[in-house]
Amino acid sequence: MNKVTDIPTIELLVSKNLASAESDRMRVDVYNKIAEQFYDSQPLYAIELSEKARELSFIDQYIAGEAFSYRNCGADALYFHAILKQ
């Protein structure tokens, strides 16, 4: 489990990685990988990142990226739901 990371720190990580992405597919991968990395410490923000990945992958017709984003959204939602039950 990741330690809790604040959203501005994650946003900085996203910006830094997006700056080096050379294509929309690479941007989708950035959003998805960072969403996956932080779903346990910032589930709502991770869902936002996953939704950005899904929207961009749909436009670019990047099926694998879209599928990864749906998986992330499901994992994020399950984790968030578990937190609320505690």
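The values are calculated or read from the model by the stated rules, or taken from the named source; none is laboratory data. What you see is a predicted model; the values in this text were computed from it and never measured. Note: ideal-geometry Cβ built from the backbone for every residue, glycine included; neighbour counts use all protein chains shown. All accessible areas refer to the heavy atoms of the entire protein, side chains included, with ligands and DNA or RNA removed. Shrake-Rupley method; radii C 1.70, N 1.55, O 1.52, S 1.80 Å.
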Where GLU22 falls short, out of the listed (1) part of a helix (DSSP H, G or I); (2) open to solvent by 30 Å² or more (accessible area, probe 1.4 Å):
(1)
Can you spot a residue in region 56-63 that is farther than 20 Å from THR5 by Cα, over 14 Å from the mean Cα position of the chain (by Cα) and small (Gly, Ala, Ser)?
no
Subset of region 49-63 [in contact with a helix residue (DSSP H, G or I) (Cβ under 8 Å, 6 or more places away or on another chain) and either part of a helix (DSSP H, G or I) or in contact (Cβ under 8 Å) with a residue 40 or more places away in the chain (or both)]
LEU49, SER50, GLU51, LYS52, ALA53, ARG54, LEU56, SER57, PHE58, ILE59, ASP60, ILE63
